[in-house]
C-alpha cells in the first residue's frame, strides 16, 4: 500500500472527526446530554489521534543515520501505539466516569431535537470516513476476512482508522439509542447507561489496538504468503541448493528485513557466488518489492549432531 494512500485515509478521518467533535459539543451545550459529551470527547480524541498518525508518518520518512542505521520506519508503529493509549485514557475512562456519575445523579435532557440532528450528521461524516478506509483496505485485504485483516495487517494507520471509525459509528448509534430511550421513557438514566456503554466500547477498541501495535513494535514477520514467496524465489534461483535458515521482520509496512542462510553449489568461484547472491536478492524483490534490507549468508547443510550423553542433545547451530 502506498504511503500516500494511507495518508489520504488519515486526513479524511481527521477532518471528519474535527467537524463531528465541534458539532457534538454544540449539541451537549443545548441538550446537557452526557452521551453527547462522551461522544464529543471521543471525537476530540479521534481527531488528536489522526494528527499523531500523520506525525508518525512524517517522522518515519527520515533518512537513516548513525544512531538509527535501519531508519525510522517504526515511528509509524510507535505513534499508533500512543493512539491506543490516548483512546483509552481520554475517551474510554472519561466516558466510563461520566456515565457512572449520570447513572448515580441523572438529570433531564433539553432540546432533544439538537441531539438527533447532530448525531445524524455525525453518522453521515463518520460513514464517509469509514467508507474511505474500507475502500483503501480492500485491495490489500485479499481473501482474508476483515477480522483476519485487522489482526495481520502491517499498515498501522489502516488498522487504527478502521477500528476508530467503526467504534465511532457504533458509539453514535448507542448515543442515539440512549437519548431516544430517555425521551420515550422520561427516565434520564438511559443517557448515563449510553455513556457508560460508549466508554466500555472505546476501552475494548483501545485494548485491541494496543495488542496489535505491540506486535508491530516488537517486530512482526512477513505474512505467511509473502514468506513463502521469498523462500520459493530463493530456491528457484540458479546455483541455490537449499534455504537453510530464513528470518523476516517488518520495520514498517513498506520495509521488510530479510536474512537468510543459503546453500549454494559447492563448485562456484568467489565471483560466481557473489553473482548468485545478487541474483537471489533480485528475484526476491521481484515477488516482494518491500524486501529491504536483505542479507544473504552462504552456508552448507550440516547433518544434525548425534546425542552426546544419555538424555541430552546438542543444539543445531543453524
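The values are calculated or read from the model by the stated rules, or taken from the named source; none is laboratory data. Not measured: the values here are computed from a predicted model. Neighbour counts run over all protein chains shown; Cβ positions are idealised from the backbone, glycine included.
Out of all the residues in segment 280-303, which are more than 34 Å from the chain's Cα centre (by Cα) and either within 30 Å of residue 155 (Cα to Cα) or touching a residue at least 12 places away in the same chain (Cβ under 8 Å) (or both)? Result: 298, 299, 300, 301, 302.
When residues of segment 34-58 are filtered for being in contact (Cβ under 8 Å) with a residue 24 or more places away in the chain and surrounded by 22 or more Cβ atoms within 10 Å (Cβ to Cβ), how many remain?
15
With respect to residue 206, determine if the residue is surrounded by fewer than 20 Cβ atoms within 10 Å (Cβ to Cβ), over 16 Å from residue 110 (Cβ atoms), in contact with a helix residue (DSSP H, G or I) (Cβ under 8 Å, 6 or more places away or on another chain) and assigned by TED's automatic domain parsing to the domain that holds residue 49. Taking the combined requirement at face value, the residue does not satisfy it. When the criteria are applied in full, residue 198 meets the requirement of being within 15 Å of residue 103 (Cβ to Cβ) and surrounded by 23 or more Cβ atoms within 10 Å (Cβ to Cβ). Across segment 245-264, the qualifying residues are those that are modelled with pLDDT under 95 and over 17 Å from residue 287 (Cα atoms), and the one among them that is nearest to the chain's Cα centre (by Cα) is 252. Figure legend. Inter-residue proximity from segment 7-33: first residues in the same structural domain as residue 49 (by TED's automatic domain parsing) and without any contact (Cβ under 8 Å) to a residue 24 or more places away in the chain, second residues assigned to a helix (DSSP H, G or I) and buried (at least 18 other Cβ atoms within 10 Å of the Cβ), beta-carbon distance below 6 Å, spacing 6+ or different chains. Indicated pairs: 25/40; 28/36; 28/37; 28/40. Of all residues in segment 223-246, those satisfying the criterion of being within 21 Å of residue 299 (Cβ to Cβ) and not in a helix (DSSP H, G or I) are 236, 237, 238, 239, 240, 241, 242, 243, 244, 245, 246.
Of the helices (runs of 4 or more DSSP H) contained entirely in segment 74-154, those carrying at least 3 residues that are within 23 Å of the chain's Cα centre (by Cα) and over 30 Å from residue 29 (Cβ atoms) fall at 75-86, 112-141, 146-152.
Counting the residues of segment 263-278 that are part of a helix (DSSP H, G or I) and buried (at least 17 other Cβ atoms within 10 Å of the Cβ) gives 2.
The rows are residues; the columns are (1) modelled with pLDDT of 85 or more; (2) touching a strand residue (DSSP E or B) at 6+ places or on another chain (Cβ under 7 Å); (3) surrounded by fewer than 17 Cβ atoms within 10 Å (Cβ to Cβ); (4) closer than 25 Å to residue 190 by Cβ.
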residue: 65; (1), (2), (3), (4): yes, no, yes, no
residue: 69; (1), (2), (3), (4): yes, no, yes, no
residue: 93; (1), (2), (3), (4): yes, no, yes, yes
residue: 99; (1), (2), (3), (4): yes, no, no, yes
residue: 105; (1), (2), (3), (4): yes, no, yes, yes
residue: 111; (1), (2), (3), (4): no, no, yes, yes
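The one condition from (1) more than 36 Å from the chain's Cα centre (by Cα); (2) at pLDDT 95 or above that residue 313 does not meet is (2). The condition of being under 30 Å from residue 78 (Cα atoms) and without any contact (Cβ under 8 Å) to a residue 24 or more places away in the chain holds for only one of 253, 224, that being 224. Among the conditions (1) under 29 Å from residue 258 (Cα atoms); (2) surrounded by fewer than 16 Cβ atoms within 10 Å (Cβ to Cβ); (3) touching a helix residue (DSSP H, G or I) at 6+ places or on another chain (Cβ under 6 Å), the only one that residue 76 does not satisfy is (2).
Being in contact (Cβ under 8 Å) with a residue 12 or more places away in the chain and more than 32 Å from the chain's Cα centre (by Cα) is the requirement here; does residue 275 meet it? No: the conditions fail for residue 275.
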